[in-house]
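The values are calculated or read from the model by the stated rules, or taken from the named source; none is laboratory data. Since the model is a prediction, treat every value here as computed from it, not as a measurement. Cβ placement follows ideal geometry from the backbone for every residue including glycine, while neighbour counts extend to all protein chains displayed. For the accessible areas, the whole protein counts, side chains as well, though only heavy atoms, and no ligand, DNA or RNA atoms are used. Shrake-Rupley method; radii C 1.70, N 1.55, O 1.52, S 1.80 Å.
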Amino acid sequence: GTDTPARELVSSGPYRLLKYLPGEKVILERNPYYWKKSSQGESLPFIDKIIFLIVQSQDTALLKFQDGEVDYYALRGADFPLLKPQERINNFTIYEMGPDFGSQFIVFNQNPENNPQSGKPYVEPKKLAWFTNLKFRQAVAHAVDKEMMIIILMNGLGFPQDSSMSPSSGWFFNPRVMKYQYDLARARELLKEGGFIDRNHDGRLEDINGNRLEFNLYTNSGDNERLQIAAIVRRDLEDLGIKVNFQALEFNNLVSKLVSTYDWDAVIIGLTGGIEPHFGKNVWASSGHLHMWHPRQQAPHTKWEKRVDEIFDTAVQEMNEQKRKMLYDEWQEIIARELPVIYTVLPEAIFAVRNKFENLHPTAYGGAFHNLEEIWIKTEYRKR
């Protein structure tokens, strides 16, 4: 139960809970019953206690790292020019590990269902016709200025994302997916092919029924990177003649719209990512709760969604690594072609760590302390 004393909670890991102070910190202590030994036969882990501070924002975390209150900080691209000159002076090291796993993307609401309470469609019929038009989504993909995002938001420390897997994921990453270069001229051509032109010469595009292209775009407040991505996307869509009404929402409110009320037009949000495609099945399966553009389908709504379902059902049972690779390559190619989500940019995984640790081997996937039980604190720091 929640009233069980921390020391009585069973843990099979290298650490166990010592104390939890809500809104302040989590304290872990060495688990004396941990099974693992070092190559010299020593009982692991080496570090006796770990404290995780709970902070309200990344800006606060940055200040605490600069003040020496914490030993680790995951950098944003904007932090790099500030911290890099301080490495030697403040005795820490910055590790640049390549593309991160967490994606940022634009998704349009393609849910054709009606709200059972109101009987009204979740998405206005005219907007549903736009969002389900592949030419429209392709045009938006060509209007995403990834290079500008990397330069402005990340100080050049970022990568364009084209596939559903990060390049850092290794084996299952498919680099041969369809790519959409930033090209507003091509975007205009695609919009015209999709039936969207400026029919009354007022600078705004209309569909074949004369409806002006206008939709609401949301992201979560407090995430400066997403807010700036939204601003860049909005600017270019406005240049194309599409009116975008942008609004930043509190994160829980945004998630509620996505997975509960389905009351939204377009959203910029992200997913964590990883090295195993099957762990994302809740997003990619047509029946998935996080199949955001049209969740919880009773049966696949499109042929390509049916094929993705087949891929995930088959690949999870396939024991041949090469065959699994071929299946997940096809899945990534389908997503890039059909564009249920439109990817933006991946930040570089960058960590700043105090030079007080030995046997540290950071990776993009595992972070700075993935081998935590094997890390120890240098002698000179233990004496303090």
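Odds and ends about this structure:
- Largest-first ordering by accessible area, 1.4 Å probe, given options 236, 59: 59, 236
- Lys/Arg +1, Asp/Glu -1 at C-beta; the chain dipole; positive extreme among 18, 319, 366: 18
- The chain, Cα convex hull volume normalised per residue, Å³: 182
- For segment 267-384, the Rg and Dmax computed from alpha carbons only, in angstrom: 20.0, 65
- Per residue value of the accessible surface for the chain (all protein chains in place, 1.4 Å probe), Å²: 52
- Shape category assigned to segment 10-162 from the gyration tensor of Cα positions, a/c cut at 1.5: prolate
- Placing +1 on each Lys and Arg Cβ and -1 on each Asp and Glu Cβ, with no other charges, gives the chain a dipole about its Cα centre of roughly 360 debye.
- Summing Cβ point charges (Lys, Arg +1; Asp, Glu -1) relative to the Cα centre of segment 138-289 gives a dipole of roughly 240 debye.
- Prolate/oblate/rounded label for segment 204-352 (Cα gyration tensor, a/c 1.5): prolate
- Between 0 and 90°, nearest 10: helix 224-240 axis offset from the chain longest Cα axis: 20
- Peptides ranked, highest mean first, by Cβ atoms within 10 Å: ranges 48-57, 214-223, 4-13: 214-223, 48-57, 4-13
- Here residue 25 is the anchor, and the lysines within straight C-alpha reach of less than 25 Å, apart from those fewer than 8 places off in the same chain, are 49, 64, 356, 378, 383.
- Net charge over other residues, Cβ less than 11 angstrom from the Cβ of residue 256 (K, R count +1; D, E count -1): -1
- The chain - percent of accessible surface contributed by carbon and sulfur, probe 1.4 Å: 51
- 15 Å beta-carbon shell around residue 102, net charge (K/R +1, D/E -1): -2
- Among the trypsin sites (Lys or Arg not before Pro) in segment 70-128, those placed in a DSSP loop whose Cβ has at most 13 other Cβ atoms within 10 Å are 88.
- Under a 5 Å amide H cut-off, with hydrogens placed 1.01 Å from N, residue 375 pairs with 46 among residues at least 5 apart or on other chains.
- Along its three principal directions, the equivalent ellipsoid of segment 326-384 from the Cα gyration tensor extends over semi-axes of 41, 13, 6 Å, largest first.
- Angle between the chain longest axis and helix 321-338 axis [Cα atoms, degrees, rounded to 10]: 40
- Annotation for segment 166-245 versus segment 120-155: alpha-carbon center distance of 4 Å.
- Eligible lysines near residue 306 by straight Cα distance, threshold 30 Å, same-chain separation 8 or greater: 120, 126, 127, 135, 179, 192, 257, 281, 323, 325
- Each of 336, 262, 101 was placed along the dipole of the chain (beta-carbon charges, centred on the mean Cα), and the one lying farthest toward the positive end is 101.
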